[in-house]
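The next block holds one structure in the form of structure tokens; read it before the comments.
Read the figures in this text as sums done on the coordinates, not as results from a lab. Just so you know, these numbers come straight off a predicted model, no measurement behind them. Here the Cβ is made from the backbone with ideal geometry for all residues, glycine too, and neighbour counts use every protein chain on show.
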Amino acid sequence: MGTFRELAWFFRTYWKRYVIGIIILVVIDVMLLLPPRWIGQTVDQIRTGTLTEGLLLETVWMLLGIGVSLYVLRFLWRYLLLGGSLILERTLRQQFFGHITRMTPTFFHRHRTGDLMAIATNDIPAIEMTAGFGVLSLVDSIVMTLLAFGTMVVMIDWRLTLAALVPMPFLAWATAYYGRLLHERYYVAQEAFGQMNDHVQQSVSGVRVLRSFVQEERDVEEFRCVSENTLQKNISVVRIDALFEPTTAAIIGMSFLTGLGYGSILVINSQISLGDLVAFNLYLGLLIWPMFAFGWLMNILQRGSASLKRLRELLSETPDVTDLAGAREHVPAGSVEAKNLTFTYPGSEQPSLRDLSFCLKEGETLGVVGRTGSGKSTLCRVLLHQYPLAWGQLYYAGIPIEGMTLSALREKIAYVPQEHLLFSRTIERNVAFGRVAATEEQVIEALKAAEMYKDLGHLSDGLQTMVGEKGVMLSGGQKQRISIARALLMEAEILILDDSLSAVDARTEESILHHIREKRAGKTTVITAHRLSAVQHANHIIVLDEGKIIEQGTHAELMAQNGWYAEQYRRQQMEQLVAGEGGRGA
């Protein structure tokens, strides 16, 4: 019953709904005790020849009245109890979704997408069953058993009742034993289901890569193995689940056999009447559902317990970046400053950034360049405060980043990551994602600044073109430019472009950067890039290597230093020149 205790917070919130529903269930159980007694009396009246037309009609009308009343009351308890369980499901889904949206990247490194989907699609409905049919099974298995047992003892014969209930302890033992096995196997089955979900998610997301490397058959074979493992784990659950009903039926059958045999002896010896025996068997029939309900209750509770454990473990995790007490919710515009900034990813031993120091004044542009893996994207994530930092290493407007709330910080920043995520919506809704109240004219203006507006003429429905999942209908350059338009539309104080121009040609890149400088005059911009032409107009450029600044200055100063930046810039210019001449020759 620990599952019910853990859900006590929900039952307390909706106690009126559950109290009324339980009262109705008890009333139904009491009403079900009346028909067997009336039928038994009618049988005795037939046997003794005292049954009259009036008595028969009275019994029939009472039975009809009971039937109509039960119809109405059963509708009400289903509405109250099962409706309440659906409210719990909605509440848990909101908690689950709200929780994962607050989590930092570290959380998603630990949990696979398939496991999260398994919790949402399998575990939460299993918990919902506990609050609906679980409550029903608990109330009915206790109340109806006690009422029927008490009526059989008081109204019929206590000896016959005890004889019929002799097999029942075996049912209690069997359900407890099966319940323990079910809990263990269901937990493992849910883990396997999560692995299968994760495989499907990765295969669907990477279908282009699979086809490019002709790995479809291998992936299908791997999925067959994963799904077979999931099947076997679930079959092990079904094997135990399948034992509940036949075990319950066999034990109840033994009770009927004992009751009928011993009851016949009592009738022959005139210790009970034939009507009493008929009523007794009808009461024993009423015990069939509570016994099944008890087995079902164990099943539901064990599934709910395993699912609640998985959900509780997930919800108990806390983000490693949180708002500190007294953090500022309103931060003025100002400079971005790093003081001996050192950062190590959670779980890593080597720092990814080492002793970075720079000061970017309001309205300036910072260029960040370096070899692949030098720490450019890591710096962008740190500027967004996605990971915990030591106090006093990063400042916005002179305020330590830890001294402001995450919402206050991120409202100041528009971020365009390397991996451009578009939603399966129209181009207009994708661009207006961060500013839902934007007008169509504002969306078009942002698309023009990102050099994407001309492409709308080649798309089927212009602004209303559905881009498909993750922008599958668009090219890499188009997805990048829509992401840039989305960020520009926000008109944030700080814009971070994390190598966000890699999929466009040099001429388009220059045009986009010109629009950004023009549109964002007086606002701060951070640009990381492999193509150095993207940062040559920046007010300050830092060159990273293994997380350290090895060169810094303006474009002219870095060219004069004749270091890595100057060498790389000349090489890229030469490559661009050769490519241009090759194109003209063709």
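Between amide H atoms placed 1.01 Å from N, distances below 5 Å from His540 occur with Thr365, Gly367, all of them 5 or more places distant or on a separate chain. The ranking of Arg37, Arg224, Arg486 by Cβ neighbour count inside 10 Å, starting from the fewest, reads Arg224, Arg37, Arg486. When DSSP assigns beta bridges and you keep just the ones with both residues in the chain, what percent turn out antiparallel, to the nearest 5? For the chain, the DSSP antiparallel bridge percentage is about 45. First measure r as the distance between the Cβ atoms of Ser407 and Met254, then evaluate 1/(1 + (r/R0)^6) with R0 = 41 Å and state the FRET efficiency to the nearest 0.05. In this case the efficiency is close to 0.05. From its DSSP helices (H runs of at least four residues, each -39,500 (n - 2.57)), the chain gives a residue-normalised ellipticity at 222 nm of -20000 deg cm²/dmol.
Summarising the label geometry, the points placed 7 Å from Cα in the beta-carbon direction at Thr13 and Val166 lie 5.1 nm from one another.
For Ser352, the residues 5 or more places off, or on other chains, whose built amide H falls under 5 Å of its own are Phe343, Thr344, Tyr345.
Computed from the C-beta positions of Glu440 and Ser511 and an R0 of 25 Å, the FRET efficiency is 0.65 to the nearest 0.05. Between Arg102 and Ser212, the simple label model (points 7 Å from Cα in the Cβ direction) yields a spacing of 3.9 nm. Here the label points at Thr344 and Glu317, each 7 Å from Cα along the C-beta direction, are separated by 2.2 nm in the simple model. Taking a label point 7 Å from the Cα of Met574 along the Cα→Cβ vector, which residues of the stretch 513-553 have an amide N closer than 17 Å to it? The answer is 532-533.
Derived scalar couplings between HN and Hα for the stretch 546-557 equal 6, x, 10, 7, 9, 8, 7, x, 7, 4, 5, 5 Hz in order, rounded to whole Hz, by the Karplus curve 6.51 cos²θ - 1.76 cosθ + 1.60 (θ = phi - 60°), x for Gly and Pro. For the residue pairs Lys412/Lys454; Lys448/Lys519; Lys479/Lys548; Lys376/Lys448; Lys376/Lys548, the C-alpha atoms sit more than 22 angstrom apart in Lys412/Lys454; Lys479/Lys548; Lys376/Lys448.
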